[in-house]
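The structure under discussion appears below in the form of structure tokens.
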Amino acid sequence: MAYCASISSPGGGEALTLPHCSSISRLINFNLSKKTSNHLFFTTVADFRKRRFYVRSEAKPTLKDPVTIEQGDAGIIETSKSDAEAVASRITYHAEFTLSFSPDGFDLPKAYFATAQSIRDSLIINWNATYDMYERMNVKQAYYLSMEFLQGRALLNAIGNLELTGAYGEALSKLGHKLENVVSQEPDAALGNGGLGRLASCFLDSLATLNYPAWGYGLRYKYGLFKQLITKEGQEEVAENWLEMGNPWEIVRNDISYPIKFYGKVVTGSDGKKRWIGGEDIVAVANDIPIPGYKTKTTINLRLWDTKVPPSDFDLSAFNSGDHTKACETQANAEKICYILYPGDDSLEGKTLRLKQQYTLCSASLQDIIACFEKRSGENVMWNEFPEKVAVQMNDTHPTLCIPELMRILMDLKGISWKEAWDITQRTVAYTNHTVLPEALEKWSLELMQKLLPRHVEIIEMIDEELVNGIVAEFGKSDPELLERKLNAMRILENVELPSSIADLFIKPKDISALDTSADEEEDDIVEEKEKVVDLEAAPILIPPKLVRMANLCVVGGHVVNGVAAIHSEIVKQDVFNDFYKLWPEKFQNKTNGVTPRRWIYYCNPALSKIITKWTGGEDWVLNTEKLSELRKFADNEDLQSEWKAAKRSNKIKVVSFLKEKTGYSVSPDAMFDIQVKRIHEYKRQLLNILGIVYRYKKMKETTPIERKDKFTPRVCIFGGKAFATYAQAKRIVKLISDVGATINHDPDIGDLLKVVFVPDYNVSVAELLIPASELSQHISTAGMEASGTSNMKFSMNGCILIGTLDGANVEIREEVGEDNFFLFGAQAHEISGLRKERAEGKFVPDPCFEEVKEYIRSGVFGGYNYDELMRSLEGNEGFGCGDYFLVGKDFPSYIECQEKVDEAYRDQKRWTRMSILNTGGSYKFSSDRTIHEYARDIWNIQPLQHN
């Protein structure tokens, strides 16, 4: 959906017509104040009857100022309305004419929708102008494919980026509402879960702000991951309802849809070309969301795919005969692809659905990208120039099917040779690795993929064959053991037979028996062999499954592989993909993650933002975060420290109210706010945190009230995050945290000295409230297991001190903020494998305090739930579900000692405030603007557009 205005020239000349017109609204410039000049809005038809607006016929829209309206004779532009009055008129127009609610009243939900639709009008103008510029200039464009985009609320971000916060606040006040109350009506878009999706959204914000030509592609999940409830039973999951009232930001592009095929078979035509026919056909339909940049007219696009089938696929005959389920079967199969983010994959049906999701994202997006390339190329399409116009970034392994899908389209549909198609694909696609966990480096069943995507398996087999031949050519056949090891590590297909010419190299010759054995001995041997055969038949041989290693396909099929933090990128090179790195060192890069300072300081923490602006001499820091480093020279200034502490306390008071509303627990703003909010996983070690709290509680109970007050710093320990629905151990950890909180929070002996709160349904909006109030944040994953993390960056930016291991981006944050301003504990990454080996050999001796805590939990002090299975995971030497793989017991004594240092530092509020200021001052490196500049320069080779 897009809009236009057709406006007559005062001299009777030709009318200026902007493309894509809506007959209801008219485009005008309200000539707002200098601070918000040249913003473009809509007015009602009634407003147009009162005055005429003229433009010169030769005027042309540009990105910087999409429509320039001349202020000529007879006062053509009326400027009597204030900014707020103009905004209010647009809001009331949408409340009346954009029908989402009944006409009566103007309650908060209706106010939110009308406000969002009014600001969307402005975004659409800039959005269309941005797209028109891309079309006209035919520049190289980056396309970011991700299964997740964890956006958060869009309204405040859009208003702020257009510099209209004041005008909207005043307008809504005139209409009887506060801006913050209207903003709170917006549900978080349920399009992601954790850091992967939040990073993708930060990247889109930076791409738009920095004027890079780029789009995002994802899926439109109807029910999200799930809505988390915390009950006496622990975590419960219900479907997200974020689309229940509609989504004012999205525009359905019914004219943009692409066919997606599953199953079927591959045939070879008389022309020698492969054709994928038959099977199950669905349609992917585009839903677009505008992403505005900060203080720029650049507005890029997030295109989300929804899935359906055409009405002709509805089986009317079956429906009329009473078989309603059969009649709707094709519709249900298509629509369920976009129901849930990460559907459970314990069943074959779940695995199939996940693979369908991934292929839908890849196929629809690539068809769209290719259609755009062909349109911009005109009649003379030069496919060898495709990588000069298109950069495809795969955010983790979920979009890996981009590689065989691009090959399929180029070869089967565009008639390009294998060699040329492979060259184009490798120069187009790049891969970001986000994990070193073996289970997260996706492997798909070859059998499943052959059924669902038969043509793609053929292509993958050909890629694997070329890879095998390349490895043999590189390492030769003189050392079969080396060659076998390389092939086992690097092949795309796992447990799949090698070509016979290569497989023969690894056949070990059997011992040949002496020829002079007697006939009796030969007979005995035959009997013995028969017995062996019988034994073999009795004991079934387990045949390992044939798998497709998606991460290996990403490395082979792309031109760049990047990690997301310095230590992570080294692990990728030296461990995860070491054999590939030795073969192609030029492919591997580091791109340390970042977060957008707009959402994560400027908008979510206005109290701190005002202080930063005051002490750095302006708002330049919002775009140039290097300016934050200027705070360092004022870290000991008493006036700054006083203001800093006041801002932190005001944010804590907001959280006190929020926690009371959401959980019923009352907490004191005078206590330290100690926060760990992230996806629940054993390697992130929420278990270590809660065991530390249990230890603290036990020691409190063992002291007198006077000793307790003197020894322990008051703390509010806040947890948040979702455990995947089928991840039993993670859900046990959530249950333990909530049980510990229920006991401690009702213990009159403890009072405000210690509170434990699990915030249900943690999301971006909750983070925007908690992070500004945080004083200590825990990033305590087992060293070497967290790729980067981005919440650590957000906390540091907001003046929170981190406690953590040398893992992920913690390493670089500690370097930037200073070692004295980061609480470090635990084993280091290079020690982990040795420690696990020591454990497996039975040499590890747990600390007595660790054993004490486990027994305390088992004693039942936190309720009747049986935590034996959770505690057993921390015991034993090795094996499934035991052996303390994530080294909680090993790091526990170091963690407790470090927490004592935290208490000591917090008692000295002058020192603590100084540490807080230095964290913000040292966080400038971790802006996603810096990260995006690096991607654009080193991987995508794209340039910012110069505005007219």
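In the chain, what percentage of the DSSP-assigned beta bridges are antiparallel, given to the nearest 5?
Counting DSSP beta bridges with both partners in the chain, the antiparallel share is about 45 percent.
Quick one: check the C-alpha center-to-center distance for the range 322-357 versus the range 751-823, whole angstrom.
38
Read through the labelled values (i) 49.9; (ii) 38.9; (iii) 55.2 and report the label of the one computed as mean projected area of the Cα convex hull in nm² from the structure.
Step by step, mean projected area of the Cα convex hull in nm² for this structure corresponds to label (i).
With label points built 7 Å along Cα→Cβ from the Cα atoms of Asp938 and Ser833, find their separation and express it in nm.
2.5
Can you give the local net charge around Trp621? Use residues other than it whose beta-carbon is closer than 9 angstrom to its beta-carbon, Lys and Arg +1, Asp and Glu -1.
Local charge sum for Trp621: -3.
Explain nothing, just compute: Karplus ³J(HN,Hα) = 6.51 cos²θ - 1.76 cosθ + 1.60, θ = phi - 60°, for every residue of the range 552-565 in order, whole Hz, x for Gly and Pro.
5, 5, 4, 5, 6, x, x, 9, 9, 10, 10, x, 10, 7
Write down the Å³ per residue value for the convex hull defined by the alpha carbon atoms of the range 326-398.
Spread over its residues, the Cα hull of the range 326-398 gives 132 Å³ apiece.
I'd like the Kirkwood hydrodynamic radius of the range 433-509, using the inverse of the mean 1/r over distinct C-alpha pairs, in Å.
14.0
How much length is gained on full extension from Glu379 to Glu897, taking 0.36 nm per residue of separation minus their Cα-Cα distance?
179.5 nm
For every other residue with a beta carbon closer than 14 angstrom to the beta carbon of Ser738, add +1 if it is Lys or Arg and -1 if Asp or Glu, then tell me the sum.
+3
Between Gly863 and residues 5 or more places away or on another chain, which pairs have amide H atoms under 5 Å apart, with H built 1.01 Å from N, and which residues are they?
Amide H neighbours of Gly863, under 5 Å, 5+ apart: none.
List every residue whose amide H lies under 5 Å from the amide H of Leu219, counting only residues 5 or more places away in sequence or on a different chain, with H placed 1.01 Å from N in the peptide plane.
Hits under the 5 Å cutoff: Trp305.
Order these peptides, 316-328, 734-746, 194-206, by their mean beta-carbon neighbour count within 10 angstrom, highest first.
Going by the mean number of other Cβ atoms within 10 Å, highest first, we get 194-206, 734-746, 316-328.
Take Gln909, project a point 7 Å from its Cα along the Cβ direction, then tell me which residues of the range 665-696 have their backbone nitrogen under 18 Å from it.
668-674
Could you run the Debye sum over the Cα atoms of the range 773-909, one equal point scatterer each and no solvent, and tell me log10 of I(q)/I(0) at q = 0.19 Å⁻¹, two decimals?
-1.15
Taking amide H positions as placed 1.01 Å from N in the peptide plane, with prolines and chain starts having none, which residues 5 or more places from Ile260, or on another chain, fall under 5 Å of its amide H?
Ile282, Val283, Ala284
Give the residues of the range 917-931 whose amide nitrogen is closer than 16 Å to a point set 7 Å from the Cα of Glu819 in the direction of its Cβ.
Residues passing the 16 Å test: none.
Based on the Cβ-Cβ distance from Leu542 to Arg872, what FRET efficiency comes out when R0 is 25 Å, to the nearest 0.05?
Efficiency for this residue pair is about 0.40.
Figure the gain on full extension for Asp636 and Asn138 (residue separation times 0.36 nm, minus the Cα-Cα span) and round it to one decimal in nm.
Value of the extension gain: 174.1 nm.
Along the Cα→Cβ direction, 7 angstrom out, place labels at Phe506 and Glu236. What is the inter-label distance in nm?
About 5.1 nm separates the two model spin labels.
Can you tell me which aspartates and glutamates have their Cα less than 15 Å from the Cα of Lys356? Leave out same-chain residues fewer than eight positions away.
Within the straight-line limit of under 15 Å, Lys356 reaches these aspartates and glutamates: Glu280, Asp281, Asp306, Glu335, Asp345, Glu405, Glu442, Glu447.
Of Lys709/Lys901; Lys222/Lys443; Lys633/Lys654, which sit over 19 Å apart, Cα to Cα?
Beyond 19 Å: Lys222/Lys443; Lys633/Lys654.
With a 10 Å radius around each residue's Cβ, average the other Cβ atoms per peptide and rank 898-910, 767-779, highest first.
Final packing ranking: 767-779, 898-910.
If you wrap a convex hull around the C-alpha atoms of the range 593-677 and split its volume per residue, what is the figure in Å³?
Considering the Cα atoms of the range 593-677, their hull volume per residue is 123 Å³.
How much of the accessible area of the range 392-458, probe 1.4 Å, is carbon plus sulfur, in whole percent?
In the range 392-458, the share of accessible area belonging to carbon and sulfur is 50 percent.
What is the percent carbon and sulfur in the accessible area of the range 593-679, measuring with a 1.4 Å probe over the protein chains and ignoring ligands?
The computed percentage sits at 47.
What is the extension gain from Met462 to Asn488, computed as 0.36 nm multiplied by their sequence separation minus the C-alpha to C-alpha distance, in nm to one decimal?
In short, 7.7 nm is gained.
Per residue, how much accessible surface does the range 360-458 expose to a 1.4 Å probe? Answer in Å², no decimals.
Accessible area per residue: 32 Å².
Keeping every protein chain present and rolling a 1.4 Å probe, give me the accessible area per residue for the range 236-298 in Å².
Computed with neighbouring chains in place, this is 46 Å² per residue.
Regarding the range 179-219, what are the three Cα extents along the principal axes, ordered largest first, in Å?
Between the extreme Cα coordinates on each principal axis of the range 179-219 lie 34, 23, 17 Å.
Order 245-253, 593-601, 389-397 from most to least packed using the mean count of other Cβ atoms within 10 Å.
Per-residue Cβ counts within 10 Å, averaged per peptide and sorted highest first, yield 593-601, 389-397, 245-253.
Counting only the backbone N, which residues of the range 759-797 are under 20 Å from the spot 7 Å out from the Cα of Arg649 toward its beta-carbon?
770-776, by backbone N distance to the label point.
Would you tally the net charge around Gly789, using a Cβ to Cβ cut-off of less than 10 Å, leaving Gly789 out, and scoring K and R as +1, D and E as -1?
In short, +1.
Residue by residue through the range 579-590, what is 3J(HN,Hα) from phi via Karplus (6.51 cos²θ - 1.76 cosθ + 1.60, θ = phi - 60°)? Round to whole Hz and write x for glycine and proline.
Per residue, the Karplus-derived 3J(HN,Hα) values read 5, 5, 4, 5, 7, 10, x, 5, 6, 9, 9, 10 Hz.
Based on the inverse mean of 1/r over its pairs of different Cα atoms, what is the Kirkwood hydrodynamic radius of the range 671-793, in Å?
Across the range 671-793, the inverse of the average 1/r is 15.2 Å.
Using label points projected 7 Å from each Cα along Cα→Cβ, tell me how many nm separate His746 and Arg275, to one decimal.
7.1
Of the accessible area of the range 778-831, with the probe set at 1.4 angstrom, what percent is carbon plus sulfur?
37
Rg and Dmax of the range 357-462 over Cα atoms: what are they, in angstrom?
Expressed in Å, the Cα Rg and Dmax of the range 357-462 come to 14.3, 47.
The values are calculated or read from the model by the stated rules, or taken from the named source; none is laboratory data. Note that this is a predicted model, so its numbers are computed, not measured. Reconstructed Cβ throughout: ideal geometry from the backbone, glycine too, with neighbour counts over all protein chains shown. Heavy atoms of the whole protein, side chains included, go into the accessibility calculation; ligands, DNA and RNA do not. Shrake-Rupley method; radii C 1.70, N 1.55, O 1.52, S 1.80 Å.
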